[in-house]
Amino acid sequence: MGHASVSEQSMISWTEAGEERSARWQSENKSAAPKRVVIADDKMTADSAFRLASEGNALLWRGDYQNARQLLQALARRIERKPRKAATSPLDAFNLHRQAQSQRARTLGMLLVEVDADYIIALRRAPDIKLACNEAYGASTGPFIVSLREILGLIGAHEWRKNGVEIPALNARIHPYYGVFSPVRGEYLNLIAEAPLPTTKLAFDIGTGTGVIAALLAQRGVEKVIATDQDARALACARENLLRLNLRDRVEVIEADLFPAGKAALIVCNPPWIPARPNSSIEYAIYDLDSRMLRGFLNGLAEHLEPKGEGWLILSDLAEHLGLRTREALQQMIADAGLKLIKRMDIKPTHARATDETDPLHKARSAEITSLWRLAAR
């Protein structure tokens, strides 16, 4: 991953022991460096930490690392206790949910730690984060200040990457990188495993992410798959996964915005399914402002398909249940792109959220269907 040059880098400043200090500010979701910084340690109560963080004060932690983790949990509990506004419609529920999520992220992001040039946190009982930081950020470019929440995210991602995610449709594990969406929702893979292949010669996988769809197509007997992505982490992640699965000779991973050059008889795409603004890099797999990727795929599909070729669009209808897009609008996009529907295959999601009644979006999630749209040029 590239790093910003020093001139572009955002800095954070604070006063400590009567001295003015500053350091590089690190934020994966590009949030601005906090303007007000308070030094905090084990003597600070959760209530006063919550008050300070809610008012926009960052807490630079100088106490025990494990106590900071517990404080973060205590802050999260205080956020959960706040009464929720009642939503008047599914769209209102979605907007309130996103607003609450972003407010929660902002408040929890106020607890900060200092990381030195060797990726060491010089706090009592701090874990070794070198490997996790190297995987996510690349080689160190000097000391920085970062939210504890981001550090916990790096550690979690490192575990996911090390252990991998079991993919029943592949009968293998996929190892997601930090910032690359993990294929935890396997239902769409079952659709890809079952849909009749129009060809076994050449397929394109558009927006490959971890490489899971490309791997599945190759495993189903497609002789050559070209997988594309724009994200440097996704490209590296897909290449490594395909290498682990011994499929690198059949799958070529290339950097491209949507389509590679040429035509194929099968083109598969699983775009983000919610037309809204993503708040962090990982959210680009779920949220897509103005349906940019969906429109781009549909509008470019006909010219990249071989005669009698098929485009497989994998899409959840959650946006329809939330009032963010109508079925008619999607069908219109398909028609406007010069495409027709051959057949649609549907499956109900089985992930935990679909049955969680405390989820503010439960009504929409419980009605959600994921579909594979088999499309052809008209």
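In table form, for the structure just shown:
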| quantity | calculated |
| --- | --- |
| Positive-end residue, the chain charge dipole about Cα centroid, Cβ charges, pick of Leu247, Trp61, Leu72 | Leu72 |
| Highest to lowest packing among 79-89, 321-331, scored as the average C-beta count within 10 Å | 321-331, 79-89 |
| Ordering of 223-232, 128-137 by burial proxy (mean other Cβ atoms within 10 Å per residue, highest first) | 223-232, 128-137 |
| Segments 298-311, 234-247 sorted - mean Cβ within 10 Å per residue, highest first | 234-247, 298-311 |
| Contour minus Cα-Cα distance for Glu252 and Thr358 (0.36 nm per residue) | 33.9 nm |
| The chain - percent relative contact order, Cα under 8 Å, separation 6 or more | 12 percent |
| Net charge dipole size for the chain [Lys, Arg +1 and Asp, Glu -1 on Cβ; Debye, nearest 20] | 700 debye |
| Cα gyration tensor shape of region 87-222, rounded if a/c is under 1.5, else prolate or oblate by comparing a/b with b/c | oblate |
| Rg ratio (alpha-carbon, reference 2.2 N^0.38 Å) - region 165-377 | 0.96 |
| Pair Asp128, Leu197: separation of 7 Å Cα→Cβ label points (nm) | 4.4 nm |
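Only the coordinates and a few stated rules stand behind these numbers; no lab work does. This is a predicted model, so every value here is computed, not measured. Please note: Cβ atoms are built from the backbone with ideal geometry, for glycine as well, and neighbour counts cover all protein chains shown.
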